[in-house]
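The next block holds one structure in the form of structure tokens; read it before the comments.
The values are calculated or read from the model by the stated rules, or taken from the named source; none is laboratory data. Every value quoted in this text rests on a predicted model; they were computed, and no experiment measured them. A quick note on method: Cβ atoms are made from the backbone with ideal geometry, for glycine too, and the neighbour counts reach across all protein chains shown. Remember, those area values only see protein heavy atoms, side chains included, never the ligands or the DNA or RNA. Shrake-Rupley method; radii C 1.70, N 1.55, O 1.52, S 1.80 Å.
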Amino acid sequence: MRLRQKSQLLIMISTIVITVLFSAVSLMTYRVYHFDALQEQGRMAAEMIRLAVTHEMDEGNPEHKNPYVESLIGITSLKSAHIIPSKQVVEQMAIDTSGRDPVSDVELKVIETGSEYEEILYGENDIRFHYTIPYVASSGGKTNCLNCHDVAEGTILGAVSLEIDVTGQFYAAIRNTVGIVFLFVLFGFALAIALRRLLKPVDITADELKHTVSLAESGNFSSRITKYSDDEMGEIADRTNHFMDTLENSIGSIANDVDTLMSHHQFTERDNLLNTTVSVVNTMAMVSRFKQVIENDRTLEDVYERFQALLRQQFKLTRYSFYELSEDNNSLIPVFNSGLAEGEELWCTKEITENCDYCRASRTALLTSSLDEMNICPSFNPGAQQDKLYHVCMPMILSGKVGGILQLVFSEEEKQTVSDDLPVLQAFIHEAAPVIESKRLMKSLKDSSLRDPMTNLYNRRFLDEYLSSLTGTIKRRKSQIGVVMCDIDHFKMVNDTYGHEIGDDVLKGACSIITNTIRNSDIAIRFGGEEFLILLLDSTEEGSLMVADRIRIQLEAFKFKTSQGDITKTMSLGVSMFTAENEDFWAVVKQADVALYQAKNSGRNQVIRYIDGMKSED
């Protein structure tokens, strides 16, 4: 129930209660007063009759009382009056009771008990007050009753009974009562109006306060309360307005700043700005903590692993991919993915790994979503699940251009959740981007220090840094490494005959053949000059010899273009095996070098496996 309704109900109930109470009190007071007046009037008339009877008895003319009593009955309102002698008086005075009015039970009871009796009799045409008092024998006063009556002191000599017409007084009382009630009703009505006027500022202030608070809950602090009085309600209005001014000048400005954040992160839910502000601040704090954590991660791979954990644990995603954009060949490189069916490698066609323009998000640098347009990107290819899955691709901007793509794949049931989480995910990507860029730059710098600048193969420093980790892994897995030492035959002649530029082309061509022949998990190292070291991880002796020979054959068949015509080159290779039982890796490298020396001394363009006892001097 609203305050206004409560106040109106209170006024109504108060008016009714006060009216009823005052009316009841007035009626009771009037009745008591009127009843006392009737008693006094009856007592006076009865006393006059008693005195007349006593006087006549004293004079010896008891019958002379009758005319006096009859004359009293002529008085207005006194309808009847008669004397009832007691049995003793009747016998002593020999009074003839014939022709007298019959004695009522009430009158007999008064004579027997000596107690007064009074009652109001309601007739059809009138209302009478019946009053009966006892006549008690007394020797005191001016008249001694005992002089005439042979009775003891206090004996009931009879009773005086009379009836008074109170019809006019009764109706007068009703009229007075109605008038009083009417006055009280007027008083109650006036009181109600007064209370309404007094409570009106309370009602209006309460309604305006409710409206103002309701707007404030939605982030609108512009509403104010009108001051209707100078009392406590006016003070409440002043203080509330001051409080709203404070909110508008403080939280309002914060909300405007949050508006900027929400616009930057494409927030669209603004039904409740305060709740959204709290949500955004919490999100920013969570994003900031995430950024601090990944800043302290050691490698870029650690950052990517933490990002996957975020997708799985925080956002409950099971299908996703992340791609790095390669600046060298304008292609997308898969970094990690999840949720693919067996035999599938990507959530998209392989064309994006060859040309990043096939990826709409990469090409436009804008969020690409199938939520609104199912076939927005033709490269999306989830296989047999295509009609059941949606996708969102979010570009990661690094140094003003796309540096990576986060792809989310989700079902119809997950659509709303992903849609709600997109702004938060974008915030994570935005804040993680500079950290990832920094880690990638550090990785690139480190890689450049571990690679040969001309051939882009690893250098000997790479071996110095990663050798212990590499050999430790092989020993734990009880596996082996095929160690292949390669050398281009008569390479110095190329430099001397065609120049160093052609010599560099031959080196690059040989490196290209090597890297295209070995697996991604294998390692190719420029060991020095035209000499290369190849580490075939988890390879058998037979497999190592086969790979080495394949490199030799492909290089022999390759034609290098020069201004003087095409030239071909051959390569000699030596192979040895590093196993879990070996302790000295460099000794195994030396064995491969010995085998290479034997290949060169045995006519070049061949692969020789190291055997015990083989020496380079031979």
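Screening Leu467 with (1) open to solvent by 50 Å² or more (accessible area, probe 1.4 Å); (2) modelled with pLDDT under 90; (3) touching a Phe, Trp or Tyr at 6+ places or on another chain (Cβ under 7 Å) gives one miss only, at (1).
A Cβ distance below 9 Å, combined with a sequence gap of six or more or placement on separate chains, defines the contacts here; from the range 343-356, residues that are under 12 Å from Ile333 (Cβ atoms) reach residues that are assigned to a helix (DSSP H, G or I) in the pairs Leu346/Ile352; Leu346/Thr353; Ile352/Tyr358; Ile352/Ser362; Cys356/Ser362; Cys356/Arg363.
Looking at Ile180, Ile164, Ile127, which one is within 30 Å of Phe22 (Cα to Cα), surrounded by 15 or more Cβ atoms within 10 Å (Cβ to Cβ), hydrophobic (A, V, I, L, M, F, W, C) and in contact with a Gly (Cβ under 8 Å, 6 or more places away or on another chain)?
Details: Ile180 fails: in contact with a Gly (Cβ under 8 Å, 6 or more places away or on another chain); Ile127 fails: in contact with a Gly (Cβ under 8 Å, 6 or more places away or on another chain).
Answer to the selection: Ile164.
If you go through the range 583-618 and keep only what is over 13 Å from Cys486 (Cα atoms) and touching a residue at least 40 places away in the same chain (Cβ under 8 Å), you end up with Phe585, Val588. Summed over the range 386-427, residues that are in contact with a Phe, Trp or Tyr (Cβ under 9 Å, 6 or more places away or on another chain) and either open to solvent by less than 80 Å² (accessible area, probe 1.4 Å) or touching a residue at least 60 places away in the same chain (Cβ under 8 Å) (or both) total 23.
Evaluate the following for Glu351: is it assigned by the TED database to the domain that holds Thr417 and surrounded by 12 or more Cβ atoms within 10 Å (Cβ to Cβ)? So Glu351 passes the test.
The rows are residues; the columns are (1) more than 60 Å from the chain's Cα centre (by Cα); (2) free of Cβ contacts under 8 Å to residues at least 12 places away in the same chain; (3) farther than 24 Å from Lys475 by Cβ; (4) in a strand (DSSP E or B).
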position	(1), (2), (3), (4)
Ser539	no, no, no, no
Glu542	yes, yes, no, no
Gln554	yes, no, yes, no
Gly565	yes, yes, yes, no
Val575	yes, no, no, yes
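If you go through the range 474-493 and keep only what is surrounded by 13 or more Cβ atoms within 10 Å (Cβ to Cβ) and assigned to a helix (DSSP H, G or I), you end up with Ile474, Lys475, Phe491. Per the listing Leu371, Leu366, Leu311, the residue uniquely open to solvent by less than 20 Å² (accessible area, probe 1.4 Å), in contact with a strand residue (DSSP E or B) (Cβ under 9 Å, 6 or more places away or on another chain) and assigned by the TED database to the domain that holds Glu301 is Leu311. Among the residues of the range 139-180, those identified as outside any loop (DSSP other than H, G, I, E, B), under 23 Å from Ala45 (Cβ atoms) and aliphatic (A, V, I, L, M) are Ile156, Leu157, Ala159, Val160, Leu162, Ile164, Ala172, Ala173. When every residue of the range 183-195 is checked against the conditions, none turns out to be open to solvent by 40 Å² or more (accessible area, probe 1.4 Å), aromatic (Phe, Trp, Tyr) and at pLDDT 80 or above.
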